[in-house]
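Have a look at the structure below before the remarks.
The values are calculated or read from the model by the stated rules, or taken from the named source; none is laboratory data. Keep in mind the model is a prediction, meaning the values are calculated, not measured. Positions of Cβ are backbone-derived with ideal geometry, glycine not excepted, and every protein chain shown enters the neighbour counts. Calculation scope for accessible area: heavy atoms of the full protein, side chains included, ligands and nucleic acids excluded. Shrake-Rupley method; radii C 1.70, N 1.55, O 1.52, S 1.80 Å.
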Amino acid sequence: MSSDLPCQLGSCLLSGEMVAMVTDAQLSVRDSTGAVSTYEDLSLVDLAATVAGCPWRVFRWRQGQAHYSGWYWSVTMAGHVVYESRLELARLLLADFDCSVVGIAAQPFCLTAEVDGRLRRHVPDFLLVDPGGLVTVVNVKPAEQLAREKVAEALAWAGQVFTRAGWCHEVWSGAPAAVLGNVRFLAAYRRADRVDAEAVEEIDRTVTGRVALGEVEAGLAGRFAVEVCRPALLHLVWRGVFRVDLDRPLSPVSVLERVV
């Protein structure tokens, strides 16, 4: 995985600058049984229970609906994570590919607060957790919606609450097409049970420096056919063992660089 992936995501980290008087903020989470816990102090939120919990909203699918919803099988979570649009699926893929993300929750909670004297509610799209417990709340919005006053206001007051809690707030509207295309392609090889374990072990053991993907395949041609070697290589790229330039379409001349 490229070490500068966060810079390639096309995200905007918001500071939640003051735009309104926000008071009495509370965060409600559904655990895996559906039971609701409410927190007035966000620092006390049980992140493990939140990541393992149920989405706050009930997802429905119907013929003719405007959004494309579904379930994505996440390697990070070793299970399915729900999404409500193709844009959300794109951000979910990038989160699953990011080795600095160890927890992903969709529609993770409901935030309520008084904003200028009015009760407001906000359900973000994703919550991401890193190995140190740093939380990033992600709202996925098409770029054209960000200029709408209601959307900007909702993101601003919610971001203010998250920032006070020491959480990051990311508004995401897309990433470069080449990056998304490469990550979608690599996702086909994300599952260890779908690639040859012996080839993965051999490549992991013997490839230690910078080398073109095609050179690795040629060097192992006596042991593994290309159709076995290439999926193993791409699986190791997904796992972050090797980084590669995601700004260019992957090909046999793509240079792999050992990370771990």
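How many residues are in contact with a helix residue (DSSP H, G or I) (Cβ under 9 Å, 6 or more places away or on another chain) and modelled with pLDDT under 95 when one looks only at region 31-54? Outline the logic, then answer.
Initial filter on region 31-54 (in contact with a helix residue (DSSP H, G or I) (Cβ under 9 Å, 6 or more places away or on another chain)): 31-32, 37, 42.
This time we only want the ones that are modelled with pLDDT under 95, so: 31-32, 42.
Qualifying residue count, region 31-54: 3.
Among the residues of region 1-29, what is the count of those that are at pLDDT below 95 and more than 20 Å from residue 92 (Cα to Cα)? If you could, list the steps in order and put the result at the bottom.
So the first thing to find is which residues in region 1-29 are at pLDDT below 95, and the list is 1-25.
Filter once more, keeping what is more than 20 Å from residue 92 (Cα to Cα): 15-25.
Total satisfying the criteria: 11.
Does any residue in region 33-44 that is closer than 20 Å to residue 134 by Cα come within less than 8 Å, Cβ to Cβ, of a residue that is assigned to a helix (DSSP H, G or I) six or more places away or on a different chain, and which pairs are these?
42/161; 42/162; 42/164
Please find, among 100, 43, the residue that is in a loop (DSSP other than H, G, I, E, B) and open to solvent by 40 Å² or more (accessible area, probe 1.4 Å). Before you say what the answer is, go through the steps one by one.
On the way: 43 fails: in a loop (DSSP other than H, G, I, E, B).
Matching residue, one of 100, 43: 100.
Is region 60-78 home to any residue that is modelled with pLDDT of 95 or more, closer than 16 Å to residue 124 by Cβ and of a type outside the set (D, E, K, R)?
no
Take the residues in region 197-211 that are in contact (Cβ under 8 Å) with a residue 24 or more places away in the chain, of a type outside the set (D, E, K, R) and open to solvent by 10 Å² or more (accessible area, probe 1.4 Å); name whichever of them is nearest to residue 252 (Cα to Cα).
Going through the qualifying residues, I end up with 211.
Assuming residue 172 fulfils every condition listed in (1) open to solvent by 20 Å² or more (accessible area, probe 1.4 Å); (2) under 22 Å from the mean Cα position of the chain (by Cα) apart from one, which condition is it?
Among (1) open to solvent by 20 Å² or more (accessible area, probe 1.4 Å); (2) under 22 Å from the mean Cα position of the chain (by Cα), the lone unmet condition for residue 172 is (1).
In region 212-244, what residues are open to solvent by 30 Å² or more (accessible area, probe 1.4 Å) and either in contact with a strand residue (DSSP E or B) (Cβ under 7 Å, 6 or more places away or on another chain) or in a helix (DSSP H, G or I) (or both)? Outline the logic, then answer.
Keep residues of region 212-244 that are open to solvent by 30 Å² or more (accessible area, probe 1.4 Å), which gives 215, 218-219, 221-223, 225-228, 230, 239, 243.
Of everything in region 212-244, those that are open to solvent by 30 Å² or more (accessible area, probe 1.4 Å) and either in contact with a strand residue (DSSP E or B) (Cβ under 7 Å, 6 or more places away or on another chain) or in a helix (DSSP H, G or I) (or both) turn out to be 215, 218, 219, 226, 227, 228, 230, 239, 243.
Taking the criterion of being touching a strand residue (DSSP E or B) at 6+ places or on another chain (Cβ under 6 Å), closer than 26 Å to residue 247 by Cβ and open to solvent by 40 Å² or more (accessible area, probe 1.4 Å), would at least one residue in region 175-196 satisfy it? Break it down stepwise before answering.
Here is the first cut: in region 175-196, the ones touching a strand residue (DSSP E or B) at 6+ places or on another chain (Cβ under 6 Å) are none.
The answer is no, given that none of the residues of region 175-196 is touching a strand residue (DSSP E or B) at 6+ places or on another chain (Cβ under 6 Å), closer than 26 Å to residue 247 by Cβ and open to solvent by 40 Å² or more (accessible area, probe 1.4 Å).
If I filter region 58-67 for residues that are closer than 29 Å to residue 179 by Cα and in contact (Cβ under 8 Å) with a residue 24 or more places away in the chain, do I get at least one hit?
yes
Residue 113 - would you say it is closer than 25 Å to residue 192 by Cα, among the hydrophobic types (A, V, I, L, M, F, W, C), buried (at least 16 other Cβ atoms within 10 Å of the Cβ) and in contact with a helix residue (DSSP H, G or I) (Cβ under 9 Å, 6 or more places away or on another chain)? Reasoning before the result, please.
On the way: closer than 25 Å to residue 192 by Cα: no; among the hydrophobic types (A, V, I, L, M, F, W, C): yes; buried (at least 16 other Cβ atoms within 10 Å of the Cβ): yes; in contact with a helix residue (DSSP H, G or I) (Cβ under 9 Å, 6 or more places away or on another chain): yes.
No, not satisfied.
Just a yes or no: is a residue in region 155-163 assigned to a helix (DSSP H, G or I), open to solvent by 50 Å² or more (accessible area, probe 1.4 Å) and either at pLDDT 95 or above or more than 26 Å from residue 142 (Cβ to Cβ) (or both)? Let's see the steps before the verdict.
Step one: filter region 155-163 for residues assigned to a helix (DSSP H, G or I), giving 155-163.
Now restrict to residues that are open to solvent by 50 Å² or more (accessible area, probe 1.4 Å): 163.
Narrowing further to those that are either at pLDDT 95 or above or more than 26 Å from residue 142 (Cβ to Cβ) (or both): none.
No.
Does residue 123 fit the bill of being open to solvent by less than 40 Å² (accessible area, probe 1.4 Å), modelled with pLDDT of 95 or more, under 28 Å from residue 243 (Cβ atoms) and of a type outside the set (Phe, Trp, Tyr)?
Working: open to solvent by less than 40 Å² (accessible area, probe 1.4 Å): yes; modelled with pLDDT of 95 or more: yes; under 28 Å from residue 243 (Cβ atoms): no; of a type outside the set (Phe, Trp, Tyr): yes.
No: the conditions fail for residue 123.
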